[in-house]
Amino acid sequence: MKKLLLGDEAIALGAINAGLSGVYAYPGTPSTEIPEYIQNDPLAKERGIHSRWCTNEKTAMEAALGMSYAGKRALVCMKHVGMNVCADAFVNSAITGVKGGLIVLAADDPSMHSSQNEQDSRFYAKFALVPCLEPSNQQEAYDMMAYGFDLSEKLGEPVVLRVVTRLAHSRAAVEVTEPMAENPFSPATDAWVLLPGIARKKYAVLLEKQETMMQASENSIYNKVETSSSKTGILACGIAYNYVKEAIGDDANLVKVSQYPLPEDKIKALEEELNLVASVIPYLINVKGYIDIDVELINKECSKQIEAYKERIINNNKTYSSINKNQIVIQVISRLKRIFDEKLSVRETEKLVKKIQQEKEEVPANKTKNLGKNPLLHICLSAGTSSSSTSSPAIIT
């Protein structure tokens, strides 16, 4: 059976049908509709699924952990800034582990439609050393609930599910499955208190799980490689995958990433076939550590494209106007500079960006100006440094 659902509604219904026993949340757009849907769902009412609006995101996380320790499946929902509030309980939950499946829903808000800042919650998952799922459409959002609960129980770790506003608040037809039964009440007997002696042992166990998490990512149905005759390579994550497909169709080699850690083997396999690989900024800039970079080749390829980049950069007012607002461009330039053994400090990079901005302001939009022969700078400035870069792909063709 198909239903027309918001992304948030697909997540909520997916959780209910995956055997959810409790949802805990602190309200904040774009995540609020998830617990609201569960509270009003007939099956959730019939089953008596526990649902609470909590004092803050930390208490919501702790309540969900309690449900998980009892062997039940639990969901905790918040917007991206809520991850800051629950960070203490969340990071430690990776060390204590979980019993019943536990999904931490982080709803990011690129472009700040209803938020005071932008954050990329995938970094929290990486910091805590736990898996992260990022659906590219409403169907995946629904399916990932059962998948995420299963993954959480298999690993004994919480799983982060990261969505963005444009997915949470858009509708699509979703194929709905039959509801699963809830897990039985089976309290865990492990030690959940992180005294130093216990924490050291459990942290070692968490580190041992990293290889399993990587293999799960490599084998995930949500990470895939699409090939073509083109020599363009693109890494696209989550909803950005749809933007790429809409813009260029099948005319590119594409790695779709919707489960983390990054699938190294898939990325390496694509890199071996191409001259250049583009990445999603800011998270996937870390792909530079996963592939062998041919410095001379990239410099050569970049030099060929500088003339084309000049026109694109000059005419892209949004890129320039947002550089001061988005400091990620500073970090990216500095990191790429270090790759090429050029000793450029953050302060020097800031001066360089400011100089480029000033030069741009002095030139009419319909004319070009020599912005220097630094291909790395052109990559950064043409790679999507707008305020929505947390969900947009950077494409180098």
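The values are calculated or read from the model by the stated rules, or taken from the named source; none is laboratory data. Note that the structure is predicted; figures quoted are calculated from it, not measured. Ideal geometry is used to build each Cβ from the backbone, glycine not excepted, and the neighbour counts take in all protein chains shown.
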Scanning for something touching a Lys or Arg at 6+ places or on another chain (Cβ under 6 Å) and either buried (at least 24 other Cβ atoms within 10 Å of the Cβ) or not in a helix (DSSP H, G or I) (or both), does segment 29-49 turn up at least one residue? yes
Any residue at all in segment 99-108 that is over 18 Å from the mean Cα position of the chain (by Cα) and at pLDDT below 95? no
How many of the residues making up segment 138-160 are part of a loop (DSSP other than H, G, I, E, B) and crowded, with 23+ Cβ neighbours inside 10 Å? 2
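Here's the yes/no breakdown for (1) at pLDDT 85 or above; (2) under 30 Å from Asp109 (Cα atoms):
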site	(1), (2)
Gly233	no, yes
Cys237	yes, yes
Tyr241	yes, yes
Lys245	yes, yes
Ile248	no, yes
Val255	yes, yes
Pro263	yes, yes
Ala269	no, no
Leu274	no, no
Determine whether Gly7 is in the same structural domain as Ala191 (by TED's automatic domain parsing) and on the phi > 0 side of the Ramachandran plot. no
Here's a check for you: in segment 166-203, which residue that is of a type in the set (A, V, I, L, M), exposed (fewer than 14 other Cβ atoms within 10 Å of the Cβ) and out of contact with any helix residue (DSSP H, G or I) (no Cβ under 6 Å at 6 or more places or on another chain) is nearest to His113 (Cα to Cα)? Ala173
Before we move on, is Pro135 in the same structural domain as Arg200 (by TED's automatic domain parsing), modelled with pLDDT of 95 or more and in a loop (DSSP other than H, G, I, E, B)? yes
Assess whether Lys268 counts as being touching a Phe, Trp or Tyr at 6+ places or on another chain (Cβ under 9 Å) and part of a helix (DSSP H, G or I). yes
Report the residue count in segment 250-274 for those that are of a type outside the set (A, V, I, L, M, F, W, C) and either closer than 30 Å to Met145 by Cβ or under 13 Å from the mean Cα position of the chain (by Cα) (or both). 10
Pairs under 6 Å by beta carbon, first residue touching a residue at least 40 places away in the same chain (Cβ under 8 Å) in segment 113-124, partner among the aliphatic types (A, V, I, L, M) and crowded, with 20+ Cβ neighbours inside 10 Å, six or more apart or different chains? Ser121/Met83; Ser121/Ala106; Tyr124/Met83
Within segment 62-94, count every residue that is under 14 Å from Arg162 (Cβ atoms) and in a helix (DSSP H, G or I). 3
